[in-house]
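The values are calculated or read from the model by the stated rules, or taken from the named source; none is laboratory data. What you see is a predicted model; the values in this text were computed from it and never measured. Cβ placement follows ideal geometry from the backbone for every residue including glycine, while neighbour counts extend to all protein chains displayed. For accessibility, only protein heavy atoms count, side chains too; no ligands or nucleic acids. Shrake-Rupley method; radii C 1.70, N 1.55, O 1.52, S 1.80 Å.
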Amino acid sequence: MKLNFCFLLNILLIYLYNVYGKITLIIRNNTESFSNLQEYINSYISAGHGEEIIVKFVDSYYQFSKLNTFSVNIFSYNINVTLSGNDEGTTVFDYNNAKTGSINFVLYKNIVKFENIIFENYHPYDQSKIYVLGSVVEYDDFQLIVNNCTFRNNDYELIQLWSECKEKTQDTPQYLFTNCNFYNNNKKILHTVHHLQLDSKTKYEDKHKCAKVKYINCNFNNNRGLIYSKYFLHEFENCYISNLYEYFDNEDGKNFVLLHTKTKEEYISFKNTTFENINVDSLFPLINSEGLTLKIEGSNFRNCFTNYNCLFNIKNSHNTIEVTNTNFTNSGTIFCGDTSEVKISNSNFDNIVSKSTIPAISRSKNTNIIIEGTTFSNFSLIGKLFEEESNYNFTNVKFKDIKSNGKAFLLFLHNNITINNVEIENASCVGDSGDTSFIIFDTGESEKSLNINNLNLKNSLSNGPFIKIKGFSSKVTIKNSNINNVRSYGSVIENTSIKAYIEMTNFTFYNNVNNYKYECGIIHFQNDLDILIEDSTFYDNHSKSNGGAICLDNISHMNIKLISNEFKNNRATNGGAIYLANGINTNEKNEEKIYIERNIFHYNIAENFGGAIYSEYDKLYETKAKNNEIIMNKAGIMGGGVYTPKFINKNMFKLNSDWKLSNNTVSSEINDYTTMPSYIVLETDMAIENNEISVISGNYIPLNFELYDEYNNIITDVTKYYSDIALKLNLELEPISTESNSYEIDNKNSNNIFSLLNNKCTFIKGRCEFKFFIIRAVPRTYYLKVDIENKLYHEEINFKFNNIKINILPCSDNQIKMYDQKGFLYCENPICDSSCPTNSTAVCFPSNKELVNDINLNQCVCLNGWEGSNCDVKVFIDYSKISKKSKSSNPQNDKSNILVSDQLSDTSSWMDEMYRNYNKKIHSLNSLFCKSIYIYLVFLLTLFIIIIVYASNDDDNIQQSKHGNWYYKCKLERSNFGLNILYLILLILFLNIGRSISKYRCIYTYIRYITYSMYFSIISGPLISIFISSIFDTLPLEGIYVNTFFNSLCFIVTFVLLSWNKIYYICKKQGDDSTLYFIYKNHDLCSIHNSTYCGCKLKNMSKDELLINIDKYIEIYKICSDFFEQFRNN
């Protein structure tokens, strides 16, 4: 009855199909149509009625093990076929692990669809290559759709897709799985083969044109092996994949988990897909491919691990891996293999924990890896992030909350690296001390470059250098970057490359710390260097070693440019801002280019030396500097501004106007630049002549030694750092014979002939003072030997003084010979009562010459110039011994009057020239006379002013002469030297005038005598006065005697020269003869008087005419002697 009903129903469906173009076949369990499913469906297809056949499985359960045929092969050419379960999606195809029930389609220009069906318990035992679903195609003009189906609890391969398509005719996927679930399947789900004979000209993209599988909204959970693929393209979209396990593929003899590819040219993509809770406990990755193009977009990976230590193993691929907008959380290593290019963009890697040394993200070698807009956060690794032997390019990348316990978080080897717009925050490298870094860049044996731009590194720490660069040759560029608050056990940036080019521009580096005292610098460079640091700022950095900002050491060659940088508030042990150590194997012939321009060093601090700069580099003298400032820096020991231990001509730049050094201090004292102690000089108040000192045995020898640096600055040493430099004085004997061994023998026994007391001292503020050094010795000649007790300074410090010969003298007459306990002679001054002012006005004389120095027996005797019981009364010089004539005579004033009168009379020598122009000549002579009067008045006024000035001075002028007597020294004597010089000038002036006037006619004869007197006045006047004031300054009485003698002599000689002829002519009663007082050269030589101006023999002129002319000249002289004179034009 049921069969008849189904028959009638199918007749009705056929009728509807003929009317509407499609037919629906109802299949129920345990019916004949179900048992003969293949024949039943193919009969309708072969009939060719309509365009679509819908096979509807309306029951909820179908037992496929009861089918009459081993498999269901459907040949659906040009007809669309749909196999659909009930509308509730609960239809189950249960295979009961039997051999029957495989459904196979041969497709051509049609659509085959499975929907709302659950496939379970499929296991055709003892069979191979028998699948739940299978399809064979030769073209791409079809579509196989599996919608809302579930494949669960199957123990055999589920789906095979076989294609022999050669040409693409459509863009839609040929195979489409939507809303499907794959649960608890123990063997691979898809076996996809694109069987195609390809020639060498076939392009890679053409191989997948007609073999595309797309999975949309599908779930894969607890499966073993998902896909086997050969030249197929697989796309996952909005899928969920979890709990995948290894599957061994008998056909290929290989194990795989998610995807296994047969060829080197495969393609798979995941879009908006979630991978979660995958833990493959076998040594296989999720994807194992010999060549694959992989694209991951908008997906999530959570808790995904494999014992292979890699999720995707793609080898020998010339294709690319692209990861976009994807999140990786708590997962293992993502990539491994040798892919040509990996591009990761706008993705996040979070909460990645690895206890393996295997890289956390990529193990791919020789790969070009590009990472953009990606964040790496909450990492805890033992190994590194990426495989080192690949090329990396980072752009807009963030590293946050990173913890690395390995050698490096980012290790780059043998490749060029680009880092652009990268932010690193809260990164911790806690590996082995001194051997862990965040970034290690190793160039290997070639030259490689590390380009960093817009790096923002902050709040991080490292147990070694944070950024370490090494290898043969590196080119490092850091621009527009910021590094702050980094704590490292070593330098923050270290470059130990054999050759290095380093460029830092617009670089801000602040608040960083190097906690390792054996690794210098916050930034550390060495070896062969070519450095440019420009427009950068270094402040608030602290190195517990040397170089608060930059340290350069082990330099073999260096070109460096420091341009427009600021170093502020940096701190180090030595070199608060910059430390330059000594070079190694530097070649003197190699010229190095060192430019330091427009740099500012402010407020840097060195705990020991060099507040701003410390240098031992022997090429720094080649520096070309301009407009640099070193101000307000501090050092704990020496060199508040700059410091070099020694060799400033090599190790330090020239401190000229290109360097502004000021207010650099050591313990608040200015100390702009210095070196270590360089030499010692001897400074003493003792009289040393020809390097020889004579001293009485037992007397103090005050010797002071001063310690200087190479800049000739005294080592003030306010911190007492050099207090261990101690000097010890010793004596060596002068050779007593010319034989070489005599000196040695004598010195061996030298301790028996002298004893030294207080012969050791240390330097305090640069001075070593032997205030109480005493030699007790046998009187003879010794040599002073100065030794530095600290051997460390023997070769560093030189003595800049000659050997000192010391003559030990016997005791003086006023001293007492004494002997110490060792029997060494010393001389002691006698001691008198305390009322005896031996330190000022008295002397104590001994009562005995040897062994006894009794205060009660010694005598107190006043010094010269003192008297009284306590020698406190001054004894003044008795000037009464000087005659009144000597006291009142003032020949200098007399001579002054004579000079004035002579000067007025000198105008007579001009009369012969003014005779023709009388009025003009008279006016000129009168002016000369007035000038002479004015000069004399000015001279008197000057004397008056000097008297007033010195009279207002209240200084005490009581002084003691060399003889001990006291005298009053007039204050006016202080101007003696100046007045004598003025007096000397006037005399020389008058002498020249007299000599010129003597050549004229009709002049007075006494003009010549005045000229002669000038010679003697110059010698016995001002020159003698200057000599007396310098020699007899403290011998006033003797000075008066000498001065009186020469003044008197000068006066007498002048008087004789000016008066002898007048007295002579008066005695001869020829005093009124005017011709005797004139020199008129128009005469013949008189044989009687042996003269041309006696007037006896006139030439062409009578004596009367001569007298008339003389009278006229006398009249002129009278007119010139008037102070005022008026003349008329006529």
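The table below lists the values:
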| item | result |
| --- | --- |
| Per-residue SASA entry for Ser128, accessible area with 1.4 Å probe, Å² rounded to 10 | 80 |
| The range 157-301, relative contact order in percent, only Cα pairs under 8 angstrom and at least six apart counted | 21 |
| Residues Ser60 and Asn219, FRET efficiency given R0 of 30 Å [Cβ-Cβ distance, rounded to 0.05] | 0.90 |
| Pairwise label distance in nanometres, Ile985 with Asn691, each label 7 Å out on the Cα-Cβ vector | 4.7 |
| Estimated inter-spin distance, Asp281 and Glu425, nm [label 7 Å along Cα→Cβ] | 4.1 |
| Linear extension gain, Asp813 paired with Ser667, 0.36 nm per residue minus alpha-carbon span | 47.4 nm |
| Length-normalised contact order of the range 829-872 in % [C-alpha pairs under 8 Å, at least 6 apart] | 42 |
| Sequence of Tyr125, Tyr231 from largest to smallest accessible area, 1.4 Å probe | Tyr125, Tyr231 |
| FRET E, pair Glu1038, Glu867, Förster distance 30 Å, beta-carbon r, rounded to 0.05 | 0.85 |
| Rg/Rg_ref, the range 462-547, where Rg_ref = 2.2 N^0.38 Å and atoms are Cα | 1.01 |
| Added length on full extension, which subtracts the Cα-Cα distance from 0.36 nm per residue, Ser433 to Lys315 | 38.8 nm |
| Of Lys479/Lys593; Lys400/Lys448; Lys765/Lys785; Lys479/Lys499, pairs whose Cα-Cα distance is over 25 Å | Lys400/Lys448 |
| Too-long pairs where the Cα-Cα distance tops 25 Å, listed order kept, from Lys264/Lys355; Lys214/Lys384; Lys760/Lys791; Lys355/Lys398; Lys624/Lys646 | Lys264/Lys355; Lys214/Lys384 |
| Area of Glu246 that stays accessible when all protein chains are in place (1.4 Å probe, Å², to 10) | 50 |
| Area of His542 that stays accessible when all protein chains are in place (1.4 Å probe, Å², to 10) | 50 |
| Residue-normalised accessible area of the range 829-872, given per residue in Å² at a 1.4 Å probe | 63 |
| Debye equation applied to the C-alpha atoms of the range 829-872, log10 I(q)/I(0) at 0.18, 0.23 Å⁻¹ | -0.46, -0.69 |
| Whole-percent carbon and sulfur share, accessible surface of the range 490-543, 1.4 Å | 40 |
| Length added when fully stretched, Thr719-Lys166, from 0.36 nm per residue minus Cα-Cα | 189.9 nm |
| Amide proton proximity set for Phe328, modelled H, under 5 Å, gap of 5+ | Phe301, Asn348, Phe349, Asp350 |
| Heavy-atom SASA rank of Ser473, Ser834 (probe 1.4 Å, accessible area, largest first) | Ser834, Ser473 |
| Which of Lys874, Lys805 is most accessible, then next, and so on - probe 1.4 Å | Lys874, Lys805 |
